[in-house]
1. Could you give the size of the charge dipole of the range 6-243 about its Cα centre, using +1 on the Cβ of each K and R and -1 on the Cβ of each D and E, expressed in debye and rounded to the nearest 20?
2. Sort 249-259, 207-217 for me by packing, meaning the mean count of neighbouring Cβ atoms within 10 Å per residue, highest on top.
3. Full extension from Ala243 to Glu227: what is 0.36 nm times the residue separation minus their Cα-Cα distance, to one decimal in nm?
4. Could you give the length gained by full extension between Lys250 and Ser66, i.e. 0.36 nm per residue of separation minus their alpha carbon distance, to one decimal place?
5. Given axes a ≥ b ≥ c from the Cα gyration tensor, I'd like to know whether the range 6-243 is rounded (a/c under 1.5), prolate (a/b larger than b/c) or oblate.
6. Quote to one decimal, in nm, the extra length available between Asp54 and Asn194 on full extension: 0.36 nm per residue of separation minus the C-alpha distance between them.
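What follows draws every value from the coordinates through simple rules; no lab data is involved. Quick caveat, the model's predicted, so the values are computed rather than measured. Every residue, glycine as well, gets a Cβ built from its backbone with ideal geometry; the counts of neighbours run over all protein chains shown.
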Amino acid sequence: MTPGSLDALVAEGLEPGPGGAMRAAVLLTGDILSRHGAAVEAVLFYGACRRDGDAGGLLDLYVLTSGHRAFHRRALPALLNALLPPNVLHWQVQGAEGPVSAKVAVMSLAQFERRVRPASLDTTVWARFCQPATLLHARDAAARRRVEAAVAGAVETAALWAVALGPPSGTVREYWRGLFARTYGAELRAERGNRPDRLLDDAPDWYARTLPAALARLGLEARTDGEGRLHPGRPAGPRRSWAARRVLGKVLNVARLVKAAFTFEGGADYLARKVERHSGVAVQLTDWQRRHPVLAAPLLLWRLRRRGAVR
């Protein structure tokens, strides 16, 4: 790999680092592998607890599998994951200082690879994995290469859309901020308005280095002027196709929430904690709402939108 190339940056960025959250993620990964190791191609750690180093929070893991039936071992979960990935599981193990838990998203490695491509109508995977992540486990060298290539593809897709939707020139930060505002707008997100800036502040070097590297690999190499503003080439793809992704993204989010209500144990409480963590709006669930999350969801979403917790 050429030093400074996108491949080199991604391979370096995926390496595990220190910290309590990383140790907790490794512990959880070990337990997942003890139960499903033959079906697991790779495990990625991403999200808020990785950024904050919070080992006591609900960690976010992505488990990439060789196949749905091999991992789930039952026909219905395998079918649901084939139709509407990912399946989401709550995972908990006992650590040295108490229980550690994670929200574990499960999809096949092949599904992951398809969803980081620019043509994908589902923005959720590439929008998450253009951000820093850690590769905790790869089955073998071939699986590692596939995951590294897929994450590099996520960054490429993000760069492509950043300049397609952004201004003719701008700073690296302006391109990323505009992109994240768009991707959050394509989902039902419980986020404060400053969320893009917080992401950028957490890993400024990653974003500063990966955007130019991705543009160079796309053949859109950016000229930098004396004020530090990029002047990238313009991609050929139509800007208006983003509208379809924005509409479909919200539809997919609702469908996944409905699926999670039936398949994710404790899912209603998880979503309530996530809304409070990201928006600052506390959600108090009744016992009836926990028992009937699908029936309760429309009124809850309407109330959360009125309070500005969900956009």
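1. In debye, rounded to 20, the range 6-243 gives about 760.
2. 207-217, 249-259
3. 2.5 nm
4. Extra length available between Lys250 and Ser66 comes to 63.4 nm.
5. Since a/c reaches 1.5 and a/b is larger than b/c, the shape of the range 6-243 is classed as prolate.
6. Computed gain between Asp54 and Asn194 is 48.4 nm.
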